[in-house]
Amino acid sequence: MKTFRTQAIILARTDYGEADRIITFITPDHGKVTAIAKGVRKQKSKLAGGIELFSVSDIIFIPGRRDIDTIVSTRLIKHYGCIVKALDRTNAGYEFIKKLNKATEDAAESAYFDLLNQAFQALDDNTINLVLIEVWFSAQLLRLAGHTPNLRTDAAGQMLQSGAKYDFDFEKMCFAVGQGFGADHIKFLRLLFSANQPSVLNKVAKSPVLAAASLPAVQSMLQTHIRT
């Protein structure tokens with residue numbers, strides 16, 4: 001019988017029957033997979049240790065005839081144990097998992113797996129500002145879905161000016177002349193929507209303040225354009 005081996009991050013777990021569990025996980029090479037882990041809730045199950053939340057696992061599964069595959073082997077590769085030591089970071093981790101699960105289809109590209117893994121790495125590091133991680137994650141979800149905002153010109157097509165103030169048009173995904181955002185905010189948003197990771201953004205001057213100011217706008221972009 002053909003099997004597939006992959007790295008995986010758990011997105012959802014649902015108890016099934018007396019001892020089984022339905023697992024949804026994202027992978028770098030098979031998109032999202034839903035599979036049954038038989039007997040995993042039994043005390044001596046060999047599968048249980050390899051399907052922890054906030055972890056990267058090595059999973060072997062057998063494709064099912066219908067929608068649900070079967071997990072036959074699991075091994076923990078990396079567990080981000082510091083996340084669960086702080087309630088706010090634990091809650092953020094759950095939110096990231098939920099948002100990514102809702103925002104992705106079964107054929108999700110490998111970049112989504114990488115995004116969640118990078119988010120766990122950042123949450124596991126207490127030196128990285130939590131709000132910065134939250135706004136970065138939302139920005140990256142938008143970027144991967146093709147909804148990166150226009151951060152170069154305003155609604156009239158004019159180049160953004162360093163001495164001007166702007167508001168954001170969430171439908172057009174660009175700035176318009178207003179009062180809310182200045183040059184520092186715009187520069188930070190450009191970094192936020194780039195490929196920079198939170199550990200890099202954390203070194204930017206005033207990053208916690210700029211992250212807090214940017215979070216409502218980025219969350220509104222996400223709610224406008226992506227189902228989360």
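Of all residues in segment 75-92, those that are of a type in the set (Asp, Glu) have Cβ atoms under 9 Å from Cβ atoms of residues that are modelled with pLDDT of 95 or more and surrounded by 15 or more Cβ atoms within 10 Å (Cβ to Cβ), 6 or more apart or on another chain, in Asp88/Leu130. Applying the selection to segment 62-94, what residues are assigned to a helix (DSSP H, G or I) and either of a type in the set (Lys, Arg) or under 17 Å from Thr127 (Cα atoms) (or both)? The answer is Ile83, Val84, Lys85, Leu87, Asp88, Arg89, Thr90, Ala92, Gly93. When the residues of segment 113-133 are filtered to those that are under 23 Å from Arg227 (Cβ atoms) and out of contact with any helix residue (DSSP H, G or I) (no Cβ under 6 Å at 6 or more places or on another chain), the one that is surrounded by the fewest Cβ atoms within 10 Å (Cβ to Cβ) is Asp114. Among strands (runs of 3 or more DSSP E) entirely within segment 144-201, having at least 1 residues that are of a type outside the set (A, V, I, L, M), modelled with pLDDT of 95 or more and surrounded by fewer than 13 Cβ atoms within 10 Å (Cβ to Cβ) singles out 150-154. When segment 79-108 is filtered for residues that are more than 11 Å from the chain's Cα centre (by Cα) and under 22 Å from Ile36 (Cα atoms), the ones remaining, listed by number, are His79, Glu105, Asp106, Ala107, Ala108. Scanning segment 31-55 for residues that are crowded, with 16+ Cβ neighbours inside 10 Å and either touching a Cys at 6+ places or on another chain (Cβ under 7 Å) or in a helix (DSSP H, G or I) (or both) gives Ala48, Gly50. For the criterion of being under 30 Å from Ala139 (Cα atoms), aliphatic (A, V, I, L, M), touching a strand residue (DSSP E or B) at 6+ places or on another chain (Cβ under 9 Å) and part of a loop (DSSP other than H, G, I, E, B), Ala8 fails. Residue count for segment 134-143 satisfying the condition of being farther than 22 Å from Thr90 by Cβ and buried (at least 21 other Cβ atoms within 10 Å of the Cβ): 1.
The values are calculated or read from the model by the stated rules, or taken from the named source; none is laboratory data. Remember, predicted model here, so these are calculated numbers, not experimental data. For neighbour counting, all protein chains shown are included, and Cβ atoms are generated from backbone atoms with ideal geometry for every residue, glycine included.
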